[in-house]
Amino acid sequence: MAEKHFKYIILGGGVAAGYAAREFSKHGLQPGELALISKEAVAPYERPALSKAYLFPEGTARLPGFHTCVGSGGERLLPEWYTEKGIELVLSTEIVKADLFSKSLTSAAGIIFKFDNLIIATGSTVIRLTDFGVKGADAKNIFYLREIDDADKLVEAIKAKKNGKAVVVGGGYIGLELSAALKINNLDVCMVYPEPWCMPRLFTADIAKFYEGYYTNKGIQIIKGTVAVGFGSNDNGEVKEVQLKDGRVLDADIVVVGVGGRPLTTLFKGQVQEEKGGIKTDAFFKTNVPDVYAVGDVATFPMKLYGDIRRVEHVDHARKSAEQAVKAIKASEEGKSIEEYDYLPYFYSRSFDLSWQFYGDNVGDAVVFGDNDPASSSHKFGSYWIKDGKVVGAFLESGTPEENKAIAKVARVQPVAESLDQLSKEGLGFASKI
Ligand code: FDA
Ligand code: NAD
């Protein structure tokens, strides 16, 4: 059996992996010291593009345009970059076995990769309706979106089912971004989700009201408070209808499902400490196993700002945690120390001509400010969250870069607010004073 040894291995080929590779290279690497192993066939890329410009009929994004690290304004790491830096880019290679104590990973083809230091960056996988035994959920043209291969299949289906009907199951990030992308492609779109409003893990009812109104005005049908319980298909096995729990049946040529993600930690079960569904790390993304780090979606890390531990499934954290882990590895080699990770949660999304940003924590009482009438032309509105008299979270739709910077500062500084009423009246003015 072939065996290879590397001083550093990054396991995963997503966002965190790309940013970790760049950080290693910044610190200086010897050729052959670092390998990046990914089951995907392409070098790391900015995953958020897959649910946005990758699906657009015009101004379409394609690789190599969005390889990491362009998403944060950095240099694009093309496959040649890895070669130039002496980094072994091991693509189309799934690791099926990990032994953290003997420091070895085994690929599906039986190659053994030994490491001195490991960064686990395996990200998340999708939760499937077949996981809950939903009848007919394995029909053709029912899509999930995580990797570029999934996006390619969806693009093919959009072409094949021109002007057809699409049902989107789920009202979270994928649900909202994909409904917009399908509508832009001229499909007749219906969204279905169980909660009383969309994106309930972040949006308040007031925020959601704007997006639901906006989507409805774009011609997207929204069905709330129910779930898909079955799918009917034609003789070719292609999905034709979605059966809802409330008894309704929807016609469908394409179904896109976005009912959440699950961190990919299975390879390491029983070998590493886990918490909150992820691999537990310290403020340097070090796990309880010596020389093993975990970053991005899989890491459950100390959130210094809030004094608790969390897992974050967003790109900004994937980038920053990867950089922090590599800095920590390099510092420990030199007997130095670095600052603890002090993360300010930052989430964003874009669809149609909308674009929002959120910073901080969505806990406590929330108040909306600005114009959240979906029919008006400004689209500029936001929300603050107050806990124990302090503003802890801020959301803004259609903010300018300066305005987004101002709400980020509010969430970081956590200024005292007199009342919800004051915040509602002052709106962005409150943030710009901080
Ligand atoms: P990521 O999923 O990027 O990478 C994991 C990698 O590991 C993959 O290449 C995978 O193939 C590989 N892998 C896993 N197991 C393996 C194994 N056993 N062997 C080999 N390789 C293995 N966030 C945000 O803030 N704004 C946004 O707009 C979006 N948009 C968005 C769109 C879509 C479609 C998705 C799916 C996700 C987003 N996100 C987002 C979330 C964001 O992309 C996500 O948090 C980061 O990609 C996480 O980075 P990681 O590197 O941890 O995982
Ligand atoms: P999500 O957690 O955002 O949303 C899941 C949604 O699924 C819930 O809001 C709920 O409405 C719905 N749901 C749950 N069970 C259901 C059921 N049985 N039937 C119908 N609906 C059901 O997850 P997602 O949208 O699938 O996103 C997957 C991952 O990708 C997440 O990690 C997310 O953070 C990431 N992502 C992020 C962005 C972004 O940050 N802009 C964009 C796309 C994807």
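All of the numbers you see were taken from the coordinates with simple rules; none came from a lab. Bear in mind the structure is a predicted one, so any value in this text is a computation, not a measurement. Don't worry about glycine lacking a Cβ; one is built from the backbone with ideal geometry, like all the others, and counts go over all protein chains shown.
Which of the pairs LYS153/LYS224; LYS276/LYS390; LYS153/LYS286; LYS159/LYS240; LYS4/LYS153 have their Cα atoms more than 25 Å apart in this structure? Each step should come with its number before you reach the end.
Details: LYS153/LYS224 27 Å; LYS276/LYS390 27 Å; LYS153/LYS286 37 Å; LYS159/LYS240 17 Å; LYS4/LYS153 34 Å.
Correct reply: LYS153/LYS224; LYS276/LYS390; LYS153/LYS286; LYS4/LYS153.
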Charge context of GLY232, other residues only, Cβ under 14 angstrom, K/R +1, D/E -1: -1
Residues LYS240, LYS135 arranged by fewest to most Cβ contacts within 10 Å: LYS135, LYS240
For VAL259, residues with placed amide H under 5 Å, excluding near neighbours: ILE127
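How high is the relative contact order of the range 320-367, in percent, with contacts defined as C-alpha pairs under 8 Å that are six or more residues apart?
Values: 28 pairs, mean separation 11.2, N = 48.
Computed over the range 320-367, the figure is 23 percent.
Specify whether the C-alpha gyration tensor of the chain places it in the rounded, prolate or oblate class, a ≥ b ≥ c being the square roots of the eigenvalues: rounded for a/c under 1.5, otherwise prolate if a/b is larger than b/c and oblate if not.
On the way: a/c = 1.86, a/b = 1.19, b/c = 1.57.
Cα axes put the chain in the oblate bin.
Using a 10 Å cut-off on Cβ atoms, rank the peptides 63-74, 190-201, 314-325 from the highest mean neighbour count down. Spell out each step's value before the answer.
Values: 63-74: 17.1, 190-201: 18.7, 314-325: 24.8.
Output ranking for 63-74, 190-201, 314-325: 314-325, 190-201, 63-74.
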The range 127-165 and the range 382-434: distance between their alpha carbon centers, rounded to Å: 39 Å
Peptide ranges 142-151, 266-275 listed from the most packed, as the mean C-beta count within 10 angstrom indicates: 142-151, 266-275
Vicinal HN-Hα couplings computed from phi for the range 278-295 (Karplus, 6.51 cos²θ - 1.76 cosθ + 1.60; Hz; Gly/Pro x): x, 8, 6, 10, 8, 6, 10, 6, 8, 8, 7, 9, x, 6, 10, 10, 9, 9
Cut-off under 5 Å, modelled amide H: who pairs with LYS4 long-range: ILE112, PHE113, LYS114
The range 353-433: C-alpha gyration tensor shape, a/c 1.5 cut-off, then a/b vs b/c: prolate
Anchor LYS103: aspartates and glutamates whose Cα lies under 16 Å away (excluding residues fewer than 8 positions away in-chain): GLU3, GLU33, ASP116, ASP291
Table column - 3J(HN,Hα) (Hz), the range 31-39, Karplus curve with 6.51, -1.76, 1.60, x for Gly and Pro: x, x, 7, 10, 10, 10, 10, 9, 7
Nearest-0.05 FRET efficiency for LYS159 and ALA375, computed from C-beta distance (R0 35 Å): 0.60
Local electrostatic count, LYS209, Cβ distance below 13 Å [Lys/Arg +1, Asp/Glu -1]: -4
Whole-Hz couplings from phi, Karplus 6.51/-1.76/1.60, listed for the range 339-346; x for Gly and Pro: 5, 5, 5, 10, 8, 9, x, 9
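Given +1 on the Cβ of Lys and Arg, -1 on the Cβ of Asp and Glu, and no further charges, what dipole in debye does the range 353-433 carry about its Cα centre, rounded to the nearest 20? If you can, show how the numbers build up before the last one.
Details: 8 positive and 12 negative charges, 69 e Å.
Rounded to the nearest 20 debye, it is 340 debye.
Within 11 Å, Cβ to Cβ, of TYR346, how many net charges do the neighbouring residues add up to if Lys/Arg are +1 and Asp/Glu are -1? Could the numbers behind the result be given before it?
On the way: positive: ARG319, LYS320, ARG412; negative: ASP316.
Around TYR346, the charge tally is +2.
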Computed helical MRE - 222 nm, the chain, DSSP H runs ≥ 4 contributing -39500 (n - 2.57), nearest 500: -7000 deg cm²/dmol
Other-chain or far-sequence residues with amide H under 5 Å of ALA252's (modelled H): GLU241, VAL242
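Normalised by the number of residues in the range 240-306, what is the relative contact order in percent for Cα pairs under 8 Å and 6+ residues apart? Walk me through the numbers before you get to the answer.
Values: 74 pairs, mean separation 14.6, N = 67.
Relative contact order of the range 240-306: 22 percent.
Over the chain, what is the relative contact order in whole percent, taking alpha-carbon pairs under 8 Å and six or more residues apart?
Working: 960 pairs, mean separation 58.7, N = 434.
With pairs under 8 Å counted, the relative contact order is 14 percent.
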